[in-house]
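Trainee: Take this structure, written in structure tokens, and hold onto it; I'll ask about it next.
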Amino acid sequence: MLSVRICLSPKYDDKSFIASDRQYEYSQPMGYSAPPGMMQPQQPYMGQIYQPTPAFTPVSPQSMYGSSFEDEPPLLEELGINFDHIWQKTLTVLHPLKAADGSIMNETDLAGPMVFCLAFGATLLLTGKIQFGYVYGISAIGCLGMYCLLNLMSMTGVSFGCVASVLGYCLLPMITLSSFGVLFSLQGMLGMILTATIIGWCSFSASKIFISALAMDGQQLLVAYPCALLYGVFALISVF
């Protein structure tokens, strides 16, 4: 009789069991607190429709780049081109007896030398001599030789850019010689005297600048001799 009653006992429905299980999962007792590692629910949206609350503060371009474009230095100054220094170096070469400023001549300014090398090649081109390759080739070899020589002679040392800058600025009188070669021949007696004068002018100016920049007192003649050899090669190109 007992077994019959057990068999006739009602069975739980699967759907009702699943629903009660879900209700048990989502129902939490009072006083339940989430664990520390669990994410807290997001705050409800309190803004208005079509007017979202900004999540970050926009950064202005001025604060992003640190300063405005008006405070930036000029482009020529960033490239290292200073026309005031170029003019002062040119006047120092044109006036051989003028004292050279070592602080200005110790800068690696190659804008003026490049212009003077182009001008020297252009004046040679007017006489029918296409010697741009020889001008730049001899300039590079001469600057390398003077760089090694001055580093051996001076106590402070000198950079290659400074040597190239000084030798390039002192090429300015040689442009005058090549300009005279356009008007008349330099292979006569007058041309030889003018050529010797220009070589002495260039070598004296270069040695004066090197002496003042490197503090090599009493060694100007020793520096002027290799400078005269270098500018003598440029003079030979102009004459012949």
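The values are calculated or read from the model by the stated rules, or taken from the named source; none is laboratory data. Quick caveat, the model's predicted, so the values are computed rather than measured. All Cβ positions, even for glycine, are placed from backbone atoms using ideal geometry, and neighbour counts span all protein chains on display. Protein only, heavy atoms only, side chains kept; ligands, DNA and RNA dropped before computing areas. Shrake-Rupley method; radii C 1.70, N 1.55, O 1.52, S 1.80 Å.
Trainee: Hey, can you tell me all the residues within the stretch 108-136 that are open to solvent by less than 80 Å² (accessible area, probe 1.4 Å), part of a helix (DSSP H, G or I) and either touching a residue at least 40 places away in the same chain (Cβ under 8 Å) or hydrophobic (A, V, I, L, M, F, W, C) (or both)?
Mentor: ALA111, GLY112, PRO113, PHE116, CYS117, ALA119, PHE120, ALA122, THR123, LEU124, PHE132, VAL135
Trainee: Look through the stretch 154-167, keep the residues that are open to solvent by less than 50 Å² (accessible area, probe 1.4 Å) and among the aliphatic types (A, V, I, L, M), and return whichever of them is nearest to TRP87 (Cα to Cα).
Mentor: Among those residues, the one meeting the criterion is VAL166.
Trainee: Restricting the search to the stretch 188-240, which residues are open to solvent by less than 20 Å² (accessible area, probe 1.4 Å), more than 19 Å from ALA100 (Cα to Cα) and of a type in the set (Gly, Ala, Ser)?
Mentor: Within the stretch 188-240, GLY191, GLY232, ALA235, SER238 qualify.
Trainee: Also: I'd like to know if the stretch 168-180 contains one or more residues that are surrounded by fewer than 17 Cβ atoms within 10 Å (Cβ to Cβ) and in contact (Cβ under 8 Å) with a residue 60 or more places away in the chain.
Mentor: Within the stretch 168-180, not a single residue is surrounded by fewer than 17 Cβ atoms within 10 Å (Cβ to Cβ) and in contact (Cβ under 8 Å) with a residue 60 or more places away in the chain.
Trainee: Okay, moving on. So which residues in the stretch 86-105 are closer than 20 Å to CYS117 by Cβ, open to solvent by less than 40 Å² (accessible area, probe 1.4 Å) and either at pLDDT 75 or above or hydroxyl-bearing (Ser, Thr, Tyr) (or both), if there are any at all?
Mentor: Those that are closer than 20 Å to CYS117 by Cβ, open to solvent by less than 40 Å² (accessible area, probe 1.4 Å) and either at pLDDT 75 or above or hydroxyl-bearing (Ser, Thr, Tyr) (or both): ILE86, LYS89, THR90, THR92, VAL93.
Trainee: Sticking with this structure for a sec: In this structure, does SER159 turn out to be at pLDDT 85 or above, among the hydroxyl-bearing types (Ser, Thr, Tyr) and more than 18 Å from ALA206 (Cα to Cα)? Please lay out each step first, then the result.
Mentor: On the way: at pLDDT 85 or above: yes; among the hydroxyl-bearing types (Ser, Thr, Tyr): yes; more than 18 Å from ALA206 (Cα to Cα): no.
No; evaluated as a whole, the condition is false for this residue.
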